[in-house]
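The values are calculated or read from the model by the stated rules, or taken from the named source; none is laboratory data. Predicted model, so just to flag it, every value in this text is computed and none were measured. When we count neighbours, we look across all protein chains shown, and the Cβ atoms used for this are built from the backbone with ideal geometry, even at glycine. The protein model used for the area step is the full one, side chains on, heavy atoms only, and it has no ligands, DNA or RNA in it. Shrake-Rupley method; radii C 1.70, N 1.55, O 1.52, S 1.80 Å.
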Amino acid sequence: MPSLSVLRTLLREATAREHSPRVNEPDLVMDDPEKVAAYTRAGREDGVMAPVYLFHCAQICEIIRPGDNVVDLGCGPATQLVMVARLNSGTQFVGVDLSPGMLDKARSLVTEQALSNVELRTEDITRLSSFADASVDAVMSTVALHHLPDLAALECCFKEVNRILKPDGGLYLVDFGHLKSEKSIDYFAHQYADRQPELFTLDYLYSLRAAFSLKDFKHLTDKCFTGQTKIYSTFLMPFMVAVKRHPEGVDPEPGVISQLQEIRDNLPRHHKNDLSDLMTFFRMGGLQSPLLE
């Protein structure tokens, strides 16, 4: 059951008449060493983002097959990428990012985890020039799109994804959705302020302010993608928005489901509650989580 404060925020968003403006992040490419370190610490698999990483990991595992080539857009320190790659050892992954600091953290993590199925590249997600047309089996991205400066850049990104993706390829792009009330944005930014570095809380606030709206995601999904691409958001309050295409005939690698459920079972109680809330709100928005049920 979602907390009373979450329910209050849901009610506020459902009834709010205000429309808080989208505000670009101060640093479109995060490369300040202190900010990179704070983001990396808070974003570890056992950090405050653990339930979010697990939820998205399960969603991504639904769209990839052994032998696939998968691109992760805006991979950052590669926490999400490494989690997915570890569970899908028969799949090849390429993480792209523009921040040298983030990529340094990503390389360290890949080395630490001794993964041979992850490559990292410096690349602009609006110009994926190192990838040929229809050369990629799946594309993933987790909470990175809000770093783009404007709607035109998001459209360029979506068109590039469509260009490099095979016609039957898998797709999972997820990010924050822009909330109507500044009070709601402030609530989520500071929800776990006592569990995370102050710089991470501030970056979280900037990220929520920079998020694109559900309307923007719907418009560009319809314009740039074909086939069975669908868009989902958390129920009533688009705190998170996901663009997903589920290829036919995808079965998770052996052991993936049991490993995901083991990670879920080992979460502390407060993280289990957060995961349950996220699953509930996405389920009510139409996005199921069969690998975590």
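How high is the relative contact order of region 96-160, given as a whole-number percent (alpha carbon pairs under 8 Å, six or more residues apart)? All intermediate terms of the calculation are to be shown ahead of the outcome.
On the way: 37 pairs, mean separation 24.1, N = 65.
About 37 percent, as a whole number.
Given a 1.4 Å probe and the protein chains all in place, what does the accessible area of R127 round to, in Å² to the nearest 10?
Its heavy atoms expose roughly 150 Å² to the probe.
Using a 7 Å offset from the Cα along the Cα-to-Cβ direction at both Q288 and H190, what is the distance between the two label points in nm, to one decimal?
With each label placed 7 Å out from Cα toward Cβ, I get 4.0 nm.
How would H271, H19 line up by accessible area, probe 1.4 Å, largest first? Can you show the working numbers first?
Numbers: H271 10, H19 145 Å².
Most to least solvent-accessible, the answer reads H19, H271.
Give me the 1.4 Å probe accessible area per residue for the chain, excluding ligands and nucleic acids, in Å². If you can, show how the numbers build up before the last one.
Details: 12860 Å² over 293 residues.
Accessible area per residue, the chain: 44 Å².
Pop out the ³J(HN,Hα) list for region 144-153 in order, Karplus 6.51 cos²θ - 1.76 cosθ + 1.60 with θ = phi - 60°, rounded to Hz; leave Gly and Pro as x.
Per residue, the Karplus-derived 3J(HN,Hα) values read 10, 5, 5, 6, 5, x, 7, 5, 4, 5 Hz.
Got a number for carbon plus sulfur as a percent of the chain's accessible area, 1.4 Å probe? Don't skip to the answer; put the middle values down first.
Working: 6720 of 12860 Å².
Here carbon and sulfur together make up 52 percent of the probe-accessible area.
Measuring from label point to label point, each 7 Å out along Cα→Cβ, what is the S130 to R107 span in nm?
Modelled inter-label distance: 1.2 nm.
Between rounded, prolate and oblate, where does region 73-192 land on the alpha carbon gyration tensor, with a ≥ b ≥ c its root eigenvalues, rounded for a/c under 1.5, else prolate if a/b exceeds b/c? Numbers along the way, then the final one.
Details: a/c = 1.84, a/b = 1.24, b/c = 1.49.
In terms of gyration-tensor shape, oblate.
How many lysine pairs in the chain, separated by 8 or more positions in sequence or lying on different chains, have Cα atoms less than 20 Å apart?
Qualifying lysine pairs in the chain: 18.
Determine how large the accessible area of L278 is when every protein chain is in place; take a 1.4 Å probe and give Å² rounded to the nearest 10.
L278 has an accessible surface of roughly 20 Å² with all protein chains in place.
For Rg and Dmax of the Cα atoms in Å, the choices are (1) 18.3, 56; (2) 17.7, 51; (3) 18.8, 61; which was calculated from the structure?
Label of the calculated value: (2).
Under 10 Å, Cα contacts only: if you run a Gaussian network model on the chain, which one of H146, H270, H178 comes out with the highest mean-square fluctuation?
Greatest mean-square fluctuation among the candidates belongs to H270.
Kindly provide the GluC sites (Glu not before Pro) of region 179-286 that DSSP labels as loop, not H, G, I, E or B, and whose Cβ sees at most 10 other Cβ atoms within 10 Å.
Details: sites: E182, E198, E248, E262; in loops: E248.
Counting only loop positions with at most 10 other Cβ atoms within 10 Å, the GluC sites (Glu not before Pro) in region 179-286 are E248.
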